[in-house]
Amino acid sequence: MIDVKRLRQDPDGSRAALARRLDAKVDAAVDRILALDQRRRELLVRTEALKAQRNAQSDQVAQRKKAGEDASALLAELKASGDEVKQLDVLVREVDAELEGTLLEVPNILQADVPDGDATQNRIVRSWGQPRRFDFTPKPHWELGAALGILDLPAGAAVAGSGFPVFKGAGAKLLRALSSFMLDLHTSRHGYTEVSVPYVVNRASMQGTGQLPKFADELYAVTADELFLIPTAEVPVTNLHRDHILDAAALPFGYTAWTPCFRREAGAAGKDTRGLIRVHQFDKVELVRFCRPQDSEAQHELLTGHAEAVLQALELPYRVLALAAGDTGFGSARTYDLEAWAAGVGGWLEVSSSSTFTDYQARRANIRFRPEPGAKPEFVHTLNASGVAFPRTIVALLENNQESDGSVRIPASLVPYLGTDRLTPRGT
């Protein structure tokens, strides 16, 4: 969450910064936060004044009793002020709860270099590789996958519904190959610590990384146990350090994890429904980093480069987009999207989002560090990126590397993990 002190000290600047997100609801939330903050401080001032008064009156009562004087009037005042203090404490707790709830609904403040505008203003930062030119019409991945016998979308729909693909044979092995390849790359070359984390999390974890309360409709809930299926490994991995004070000497550091991800995507009905472009369950290797505030700019570039290294090793042409303010995610202060070219569908597909959250998630999850021994703890900065997501990466691998005979070439980096340099149609 954003720092309420920032809103209080620079309300106009904060409003202007938040207005860049093009969300009309944010301004009203800021009004509410400032009013609640003012009310809270007034209640605390009154409470402290009453407590100071009660201390003085308690001393007077003791002195009168010691002198054998009547203290009944003072005792009555003490009882009345004690009742008022209790009432004020209740009011403060109520205001605190409402203030926190409202703060949870306000997005992060964007970095100054984030482009203004909506998604049409996303800016291409750089690109790598050239889309292949075909001497035949390339097929979409759903046709290739069916012909190769590696993808069975109808079976997944029969078992769970649309958006739950089934990979078979070499397709299932391809998932394992991608996970091992990416995890090995990130642990051996990029220095991440691999973790295996739960696929369900509690409400506090979802709130800590910003999925709740904003995106409740997008989540799969296990209501009987008050748990949620993870939409990304970002949630359990970041929350490994919830309510922790990290060792400053260990910063920066990062974790990587391979998990399934579950997303209802309630607002995306009817969009990109064919094949693997938009699914409800998918695998992803995630990268999460923790660092000091002064290092987060450099760490964001480093993190993005780690995700790019995957696409380069897989020989996939891609481009890096700096997302505009109106297209940047709720908790992110800046996001780069990595889009791979897919020849069969003829478009650029997002395979990774690399984001810096500054101290936004750390405030929600209470993740801190001491800059030096004995110093007051400060909030760390958190960052994460897909390193990378499987479905659209598989789309690009199949569509870009297909041959006229229906076979698909496997990039050299993946051959040791898959055990073959080519996928061939069934019966050939």
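Structure data summary
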item: Scope segment 338-352; condition buried (at least 23 other Cβ atoms within 10 Å of the Cβ) and within 18 Å of the chain's Cα centre (by Cα); matching residues; result: Leu338, Val351, Ser352
item: Residue satisfying all of: in segment 238-268; touching a residue at least 60 places away in the same chain (Cβ under 8 Å) and assigned to a helix (DSSP H, G or I); surrounded by the fewest Cβ atoms within 10 Å (Cβ to Cβ) among these; result: Ala248
item: Total residues in segment 311-337, condition under 20 Å from the mean Cα position of the chain (by Cα) and not in a loop (DSSP other than H, G, I, E, B); result: 10
item: Any hit, segment 44-57, residues being on the phi > 0 side of the Ramachandran plot and either out of contact with any His (no Cβ under 8 Å at 6 or more places or on another chain) or open to solvent by 30 Å² or more (accessible area, probe 1.4 Å) (or both); result: no
item: Subset tally (residues that are part of a strand (DSSP E or B) and either exposed (fewer than 14 other Cβ atoms within 10 Å of the Cβ) or among the charged types (D, E, K, R) (or both)) for segment 101-127; result: 4
item: Residues of segment 3-21 satisfying the condition of being surrounded by 19 or more Cβ atoms within 10 Å (Cβ to Cβ), touching a Ser or Thr at 6+ places or on another chain (Cβ under 8 Å) and basic (Lys, Arg); result: Arg21
item: Positions within segment 220-264 being in contact with a strand residue (DSSP E or B) (Cβ under 8 Å, 6 or more places away or on another chain), of a type in the set (Asp, Glu) and within 24 Å of Phe379 (Cβ to Cβ), in sequence order; result: Glu234, Asp247
item: Residue tally, condition under 30 Å from Thr137 (Cα atoms) and either of a type in the set (Ser, Thr, Tyr) or part of a loop (DSSP other than H, G, I, E, B) (or both), over segment 354-408; result: 7
item: Selected residue (only one of Glu339, Glu350 is among the acidic types (Asp, Glu), free of Cβ contacts under 8 Å to residues at least 24 places away in the same chain and touching a Lys or Arg at 6+ places or on another chain (Cβ under 9 Å)); result: Glu339
item: Residues satisfying the stated conditions in segment 301-330, i.e. under 21 Å from His381 (Cα atoms), in contact (Cβ under 8 Å) with a residue 40 or more places away in the chain, out of contact with any strand residue (DSSP E or B) (no Cβ under 8 Å at 6 or more places or on another chain) and not aromatic (Phe, Trp, Tyr); result: Ala325
item: Test: residue in segment 307-316 that is out of contact with any helix residue (DSSP H, G or I) (no Cβ under 7 Å at 6 or more places or on another chain), farther than 17 Å from Pro411 by Cβ, open to solvent by 10 Å² or more (accessible area, probe 1.4 Å) and not aromatic (Phe, Trp, Tyr); result: no
item: Selection count, segment 81-128, where residues are more than 25 Å from Leu18 (Cβ to Cβ) and either acidic (Asp, Glu) or in contact with an Asp or Glu (Cβ under 6 Å, 6 or more places away or on another chain) (or both); result: 4
item: Tally of residues being closer than 21 Å to Gly326 by Cβ and touching a residue at least 40 places away in the same chain (Cβ under 8 Å) across segment 1-23; result: 9
item: Selected residue (criterion: nearest to Thr382 (Cα to Cα)) from residues of segment 22-39 that are open to solvent by less than 30 Å² (accessible area, probe 1.4 Å) and at pLDDT 95 or above; result: Ile33
item: Verdict on Ser404 being without any contact (Cβ under 8 Å) to a residue 40 or more places away in the chain and open to solvent by 20 Å² or more (accessible area, probe 1.4 Å); result: no
item: Unmet criterion (only one of (1) within 21 Å of Gly171 (Cα to Cα); (2) surrounded by fewer than 21 Cβ atoms within 10 Å (Cβ to Cβ)) for Arg392; result: (2)
item: Residue among Ala76, Ala71 that alone is open to solvent by less than 20 Å² (accessible area, probe 1.4 Å) and more than 30 Å from Leu383 (Cα to Cα); result: Ala71
item: Condition broken by Gly326, with the remaining ones in (1) closer than 14 Å to Phe357 by Cα; (2) open to solvent by 10 Å² or more (accessible area, probe 1.4 Å) satisfied; result: (1)
item: Entirely in segment 131-220, the helices (runs of 4 or more DSSP H) that have 1 or more residues that are within 18 Å of Phe390 (Cβ to Cβ); result: 141-148, 153-159, 170-184
item: Of all residues in segment 58-68 being exposed (fewer than 12 other Cβ atoms within 10 Å of the Cβ) and of a type in the set (D, E, K, R), the one that is farthest from Val85 (Cα to Cα); result: Lys66
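The values are calculated or read from the model by the stated rules, or taken from the named source; none is laboratory data. Computed from a prediction, not measured in an experiment: that's the story for all the values here. Counting neighbours? That spans all protein chains shown, and the Cβs are built from the backbone with ideal geometry, glycine included. For accessibility, only protein heavy atoms count, side chains too; no ligands or nucleic acids. Shrake-Rupley method; radii C 1.70, N 1.55, O 1.52, S 1.80 Å.
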